[in-house]
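Structure first, commentary second.
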Amino acid sequence: MLATTGKQRYDVIFIDRDLPDGGADRAATLIKAVRGPNKATPIILTSYEKNFALGRSYDDILIKPFSKHDVEDKLIAWTTSH
């Protein structure tokens, strides 16, 4: 994932909180820290955990289970208003 985000610009990045060994937090931190095409790209965390503090690495959260409509709403919100 990190190799791809360093080369290609994305409108939004979704990262699953359940990646092994805290991989989601490390990946989000690196994407935001590195001077690359996605430094300012919104990162949306997907998680079962409802009481998660987003911090500096994540811009929004999508609580599991979610529907296709929920994903569409997030995409619209982050690609049209920011």
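Okay, here's what the table says:
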{"item": "Where Trp78 falls short, out of the listed (1) touching a helix residue (DSSP H, G or I) at 6+ places or on another chain (Cβ under 8 Å); (2) surrounded by 13 or more Cβ atoms within 10 Å (Cβ to Cβ)", "result": "(1)"}
{"item": "Index of the failed condition, Gly55 passing every other in (1) surrounded by fewer than 14 Cβ atoms within 10 Å (Cβ to Cβ); (2) at negative phi; (3) under 14 Å from the mean Cα position of the chain (by Cα)", "result": "(2)"}
{"item": "Members of segment 34-51 that are of a type in the set (A, V, I, L, M), farther than 16 Å from Val71 by Cα and modelled with pLDDT of 90 or more", "result": "Ala40"}
{"item": "Condition met for Lys68 (modelled with pLDDT of 95 or more and either among the aliphatic types (A, V, I, L, M) or loosely packed, with under 14 Cβ neighbours inside 10 Å (or both))", "result": "yes"}
{"item": "Neighbours by Cβ (under 7 Å, 6+ apart or cross-chain): first from segment 18-29, small (Gly, Ala, Ser); second in a helix (DSSP H, G or I)", "result": "Ala27/Leu2"}
{"item": "Unmet criterion (only one of (1) surrounded by 13 or more Cβ atoms within 10 Å (Cβ to Cβ); (2) closer than 19 Å to Asp70 by Cβ; (3) at pLDDT below 90) for Asp18", "result": "(1)"}
{"item": "Search result, residues across segment 36-62 that are among the small types (Gly, Ala, Ser) and over 26 Å from Lys7 (Cβ atoms)", "result": "Ser47, Ala53"}
{"item": "Residues that are of a type outside the set (Val, Ile, Thr) and farther than 14 Å from Asp25 by Cβ, drawn from segment 35-58", "result": "Arg35, Gly36, Pro37, Asn38, Lys39, Ala40, Pro42, Tyr48, Lys50, Asn51"}
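The values are calculated or read from the model by the stated rules, or taken from the named source; none is laboratory data. Remember, predicted model here, so these are calculated numbers, not experimental data. Don't worry about glycine lacking a Cβ; one is built from the backbone with ideal geometry, like all the others, and counts go over all protein chains shown.
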